[in-house]
Amino acid sequence: MTLAQDERAALVATLRDVGPDAPTLCDGWTTKDLVAHLVVRERRPDTGPGIMIKQFAGHTEKVRADAADQPWSSLLDQLASGPPIWSPFKFVDRFANLAEMFVHHEDVLRGAAAPDSDWTPRTLPDDMQQALLTPAKTMGKMALRQAPAATTLETADGQVVASGGKGAPVTVVGTPGELVLFAFGRAPISVTYTGADDAVAAVASAKRGF
């Protein structure tokens, strides 16, 4: 199995434990809403533009809401089985779905936590953390384009993952997984900030996400 498949299986196991009505970090979505999103993303290519382009968002949301009317067990089975053979994601699953499954798994695991609470992340295998460096670099660079300070994302061993923004310097240090979550605008996360207090506060509170 690939790391993306492993994370998918772990996500499904967590979903089976918490049920369809648990909170998530996706604003306004229960776990059933989130699973419907994942299923539609892989099985309805016509909804893809609506994820990024506001003009098409209404169609995407309608299809997702319709999918959420399916039985919970059916949605979980579809998610667990992965992209069907005709899905654009079928042959790029290991690359396109690693961060997707990881971030949404954390959306479920952290769903009931307060955004400003301390959070102890689950321990990820070294190969998973290493693989998450790629989306951390890609998404981190995008997330920092409009950062309110000259922000650098680093791992604990000093590896620069991404940088961007203008102003006073701020450094955000965390594991690759936590830096992915930072780039996606999730909270709570386990990172440390260094820099002037006002610059750190601006970076920590800045809107990010995709």
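Here, each number is a calculation from the coordinates, and none is a lab measurement. What you are looking at is a predicted structure, and each value in this text was computed from that prediction instead of being measured. Because the Cβ atoms are built from the backbone with ideal geometry, glycine has one as well, and the counts that use them run over all protein chains shown.
Panel order for Met142, Met101, Met1, Met128, by other beta carbons found within 10 Å of each beta carbon, from fewest to most: Met1, Met142, Met128, Met101. Of the peptides 26-34, 192-200, 103-111, the order by per-residue mean of other Cβ atoms within 10 Å, starting with the highest, comes out as 103-111, 26-34, 192-200. At a Cα cut-off below 24 Å, give the lysines reachable from Lys141, other chains included and same-chain residues fewer than 8 away excluded. Lys141 reaches Lys54, Lys166, Lys207. Put a dot 7 Å past the Cα of Val92, heading toward its Cβ, do the same for Ala80, and the two dots end up 2.8 nm apart.
Of the labelled options (1) 30, 18, 17; (2) 24, 19, 18; (3) 37, 22, 15, which one gives semi-axes √(5λ) of the Cα gyration tensor in Å as computed for this structure? Label of the calculated value: (1).
For the chain, the longest principal axis of the C-alpha atoms and the axis of helix 72-81 are separated by about 70°.
A straight chain from Asp118 to Arg16 at 0.36 nm per residue would run longer than the Cα-Cα distance by 34.2 nm. The tail of the calculated P(r) for segment 42-165 beyond 26 Å holds 37 percent of all Cα-Cα pairs. Structure remark: mean-square fluctuation, Gaussian network model of the chain, C-alpha springs under 10 Å; the largest value among Pro84, Pro188, Pro125 belongs to Pro125.
For a straight C-alpha distance cut-off of 21 angstrom, the lysines reachable from Lys32 (same-chain residues fewer than eight places away being disregarded) are Lys62. Annotation for segment 129-164: trypsin sites (Lys or Arg not before Pro) lying in DSSP loop with at most 15 further Cβ atoms inside 10 Å of their Cβ are Arg145. Of the trypsin sites (Lys or Arg not before Pro) found in segment 56-90, none is in coil by DSSP with at most 11 other Cβ atoms within 10 Å of its Cβ.
Run through the DSSP bridge list for the chain and note the antiparallel percent, rounded to the nearest 5. Spell out each step's value before the answer.
On the way: 9 of 14 bridges.
Among the beta bridges of the chain, antiparallel pairing accounts for roughly 65 percent.
Each part gets one Cα centre, and for segment 142-164 versus segment 82-133 those centres are 20 Å apart. Secondary-structure-derived ellipticity at 222 nm for the chain, considering helices only, amounts to -15000 deg cm²/dmol, per-run term -39500 (n - 2.57) for DSSP H runs with n ≥ 4.
Counting pairwise Cα distances across segment 150-208, what percent come out greater than 14 angstrom?
Pairs farther apart than 14 Å: 49 percent.
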